[in-house]
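The values are calculated or read from the model by the stated rules, or taken from the named source; none is laboratory data. Nothing here was measured: the structure is a model prediction, and the numbers come from that model. Note that we place each Cβ from the backbone using ideal geometry, even for glycine, and neighbour counts take in every protein chain shown.
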Amino acid sequence: MTNPPAAAAPPPRRGFAILAMLGAVLIYGTNFAISRHALLNGMTPHDLTALRFLFSGLLLLPLFLKSGVTTCAGVGWGRGLVLTLMSGLPMTMLMMQGLAWSPAAHGAAIGPGTVTVIGALGGAVLFGVRPPRNVAIGILVVLSGLALIGFAASASGARNVILGDLCFLGVGLIWGGYPLMLQLWRVDPLKATAILSVLSLAVFLPYYLLTQHSNLPSIPLWIVLLHGVNQGILNVVVGLWLWGWAAREIGAAESGRYPPLIPVIGALSAIPLLGEWPGPYQWGGIALIVGGLLLATRR
C-alpha cells in the first residue's frame with residue numbers, strides 16, 4: 001500500500017497581502033493630512049509627538065522589557081540610540097514641525113522621495129550594491145521633483161513653507177538610514193520599533209510634562225484619543241506589522257511598488273481634510289517624485 005502524496009503547500013495569501021500593503025500605504029499617506037489638521041486646530045508638534053510615543057511606548061514596553069533592558073532589547077545601547085535618532089524622537093519632531101509650517105502634500109512627497117535617494121546611496125556605500133540603471137534614473141527624477149517643490153516654495157516667498165520643506169528634507173535624510181541600519185545589524189523591525197518608542201517616551205515625556213507646550217487640556221478627550229491611536233498605534237505598530245507581513249507574502253520586489261502611492265494619497269487626502277490644493281509647480285514636483293519612485297522600484 002503506497003502512502004498518500006504529501007499535501008501541497010497552500011498558495012500565498014496574495015489577495016490579503018495586497019490589501020494589507022494598501023492598508024499600510026493608506027495609513028502612512030493619510031497621516032500627513034491628519035497630523036496637519038490636528039496642528040491647524042489647536043494641537044502643537046509637542047502634543048502629537050507625546051501622543052505618538054505615549055501610545056506606542058506603553059504598548060511595546062512589555063516587549064522591550066522581555067527582550068532585556070541591560071542590553072537595550074538585545075541590540076546594544078549604542079545601536080538602540082542610533083535607531084531612536086533615525087526613526088524616533090528627532091525624526092518625529094522634524095516631521096511635526098514641518099507639518100505645522102508646510103502643506104501636507106509637501107511632506108508626503110519630500111519625505112518618501114528623500115528616503116529613496118538615501119536608501120540607494122546607502123546601499124551602495126554599506127553593501128556595495130550598485131544601483132541598476134532604472135534606479136539611477138529614478139533617483140534623478142526624484143531629485144528633479146524635490147527641486148521643483150523647493151523652487152515653488154521659494155518663489156512663493158513664504159518663509160514658513162521653506163522651513164517646513166527643510167524639515168521634511170531632514171526627515172528623509174535621517175529616516176532613510178533606518179532600514180539600512182536594520183539590514184546591516186539584522187535587527188527585527190518590531191523589536192526596533194519597541195526600542196525607539198520606549199526610549200523616545202523616556203526622553204521626551206519628562207520634558208513635555210515640565211514645559212508649557214501642551215494644548216491637550218483644552219481639546220476634547222475623544223479627539224486626543226483619536227490622534228493618540230492614529231499616531232502611536234496605527235502609524236507605529238499596525239502600519240509596520242501590515243507592511244512586514246505583506247512583504248513576506250508577496251516578496252520584496254513586489255512590495256517595492258507600493259511606496260509611490262504615499263505621495264499620491266498624501267496630496268489627495270489633504271484636499272478634503274485641509275482644503276489644500278497643490279499649485280502647478282507642486283503638482284509637477286509630486287508627479288516627478290511619484291514617477292521617479294515608480295522607476296526606482298521597478299523590478
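With respect to ALA105, determine if the residue is of a type in the set (Gly, Ala, Ser), in a helix (DSSP H, G or I) and touching a helix residue (DSSP H, G or I) at 6+ places or on another chain (Cβ under 9 Å).
Values: of a type in the set (Gly, Ala, Ser): yes; in a helix (DSSP H, G or I): yes; touching a helix residue (DSSP H, G or I) at 6+ places or on another chain (Cβ under 9 Å): yes.
Yes; evaluated as a whole, the condition is true for this residue.
Are any of the residues in the range 203-223 surrounded by 17 or more Cβ atoms within 10 Å (Cβ to Cβ), farther than 20 Å from LEU60 by Cβ and touching a residue at least 24 places away in the same chain (Cβ under 8 Å)? Yes - at least one qualifying residue is present in the range 203-223.
Condition check for ALA100 on (1) touching a Lys or Arg at 6+ places or on another chain (Cβ under 8 Å); (2) crowded, with 22+ Cβ neighbours inside 10 Å; (3) closer than 30 Å to LEU293 by Cβ: one failure, at (2). Among the residues of the range 263-299, which ones are among the small types (Gly, Ala, Ser), under 29 Å from LEU121 (Cα atoms) and surrounded by 19 or more Cβ atoms within 10 Å (Cβ to Cβ)? Correct list: GLY266, ALA267, GLY285, GLY292, ALA296. Summed over the range 241-260, the residues that are modelled with pLDDT of 80 or more and surrounded by fewer than 20 Cβ atoms within 10 Å (Cβ to Cβ) give a count of 2.
Taking the criterion of being in a helix (DSSP H, G or I), of a type in the set (D, E, K, R), farther than 19 Å from ALA100 by Cβ and touching a residue at least 60 places away in the same chain (Cβ under 8 Å), would at least one residue in the range 129-144 satisfy it? No, because not a single residue in the range 129-144 is in a helix (DSSP H, G or I), of a type in the set (D, E, K, R), farther than 19 Å from ALA100 by Cβ and touching a residue at least 60 places away in the same chain (Cβ under 8 Å). Check off (1) at pLDDT 90 or above; (2) under 29 Å from ALA105 (Cβ atoms); (3) surrounded by 21 or more Cβ atoms within 10 Å (Cβ to Cβ); (4) aliphatic (A, V, I, L, M) for ALA153 and give me the number that stays unchecked. The number of the failed condition is (1). Residue-level analysis places TRP222 outside the set of residues that are farther than 18 Å from VAL141 by Cβ and modelled with pLDDT under 90.
Looking at SER269, SER200, just one residue is under 23 Å from PRO179 (Cα atoms) and in a helix (DSSP H, G or I), and that residue is SER200. Put simply, of GLY119, GLY68, GLY111, GLY80 the only residue that is more than 23 Å from LEU234 (Cβ to Cβ), within 15 Å of the chain's Cα centre (by Cα) and either modelled with pLDDT of 95 or more or small (Gly, Ala, Ser) (or both) is GLY119. Just to check your reading of the model, which residue among ARG79, ARG52 is touching a residue at least 24 places away in the same chain (Cβ under 8 Å), surrounded by 21 or more Cβ atoms within 10 Å (Cβ to Cβ) and of a type in the set (Lys, Arg)? Answer to the check: ARG52. When LEU59, LEU54, LEU39 are checked against the criterion of being among the hydrophobic types (A, V, I, L, M, F, W, C), farther than 25 Å from ALA246 by Cα and modelled with pLDDT of 95 or more, LEU54 stands alone in meeting it.
Does GLY138 fit the bill of being modelled with pLDDT under 90, crowded, with 24+ Cβ neighbours inside 10 Å and small (Gly, Ala, Ser)?
On the way: modelled with pLDDT under 90: yes; crowded, with 24+ Cβ neighbours inside 10 Å: yes; small (Gly, Ala, Ser): yes.
Here the answer is yes, as GLY138 does meet what is asked.
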